[in-house]
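K.L.:
My questions all concern the structure below.
The values are calculated or read from the model by the stated rules, or taken from the named source; none is laboratory data. Just so we're clear, the structure is a prediction, and the values are computed from it rather than from any experiment. When we count neighbours, we look across all protein chains shown, and the Cβ atoms used for this are built from the backbone with ideal geometry, even at glycine.
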Amino acid sequence: MNKPFTVLITGTSKGLGYDLVRIFLKKHPQAIIYATSREIPTKAAERWNQIDKNNAVRCKLLEVRSDDSIYNVIKELTNENVKLNYLINNAGVCIAEDG
C-alpha cells in the first residue's frame, strides 16, 4: 500500500483545480487534500463531501490576490503541523500592463 501524502491545490472552485481534486481523490484516496478556493470553506466542504468518501479534503479559504489571505493559509497549515508533499498552484492572477 502506498504511503499517504499531502497535497495543496489552489483554485479548486471550478475548472482545472476542481478536476485535479477529483483526480487525486480517485487515484489516491488515502491522500489528504487541502483545496483552496474563494468559496466559504464550509460551502466548499459540503460539495467535496458528496464525492469524498474518506473525508480527505480539507477546505481553506484563499484569495491569491491578497497577501494576508496567503499568509493566513500558511499560518493555519503551520499551526496544524501539515507537511506538504505537493503544491499545485492552479490559481493565478493576470495583470495586464497598458502599453
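K.L.:
Select from the stretch 47-66 the residues that are among the charged types (D, E, K, R), more than 13 Å from Val21 (Cβ to Cβ) and at pLDDT 75 or above and list them in ascending order.
P.N.:
Glu63, Arg65
K.L.:
Enumerate the pairs (first residue in the stretch 42-59 and under 16 Å from Phe5 (Cα atoms) and small (Gly, Ala, Ser); second residue anywhere and in a helix (DSSP H, G or I) and modelled with pLDDT of 75 or more) with beta-carbon separation below 7 Å, excluding pairs fewer than 6 apart on the same chain, so at least 6 apart or on different chains.
P.N.:
Listed pairs, sorted by first residue: Ala56/Leu25.
K.L.:
Something else now. Considering only the stretch 37-46, state which residues are of a type in the set (D, E, K, R) and either modelled with pLDDT of 75 or more or closer than 19 Å to Leu77 by Cα (or both).
P.N.:
Step one: filter the stretch 37-46 for residues of a type in the set (D, E, K, R), giving 38-39, 43, 46.
Across the stretch 37-46, the qualifying residues are Arg38, Glu39.
K.L.:
Which condition does Glu97 not pass, out of (1) farther than 23 Å from Lys14 by Cβ; (2) at pLDDT below 85; (3) touching a Ser or Thr at 6+ places or on another chain (Cβ under 8 Å), if it passes all the others?
P.N.:
Of everything listed in (1) farther than 23 Å from Lys14 by Cβ; (2) at pLDDT below 85; (3) touching a Ser or Thr at 6+ places or on another chain (Cβ under 8 Å), Glu97 misses just condition (3).
K.L.:
Follow-up question, since we're still on this one. Sort out which residues of the stretch 12-36 are modelled with pLDDT of 80 or more and under 12 Å from Lys60 (Cβ atoms), and write them in order of number.
P.N.:
Selection gives Thr12 alone.
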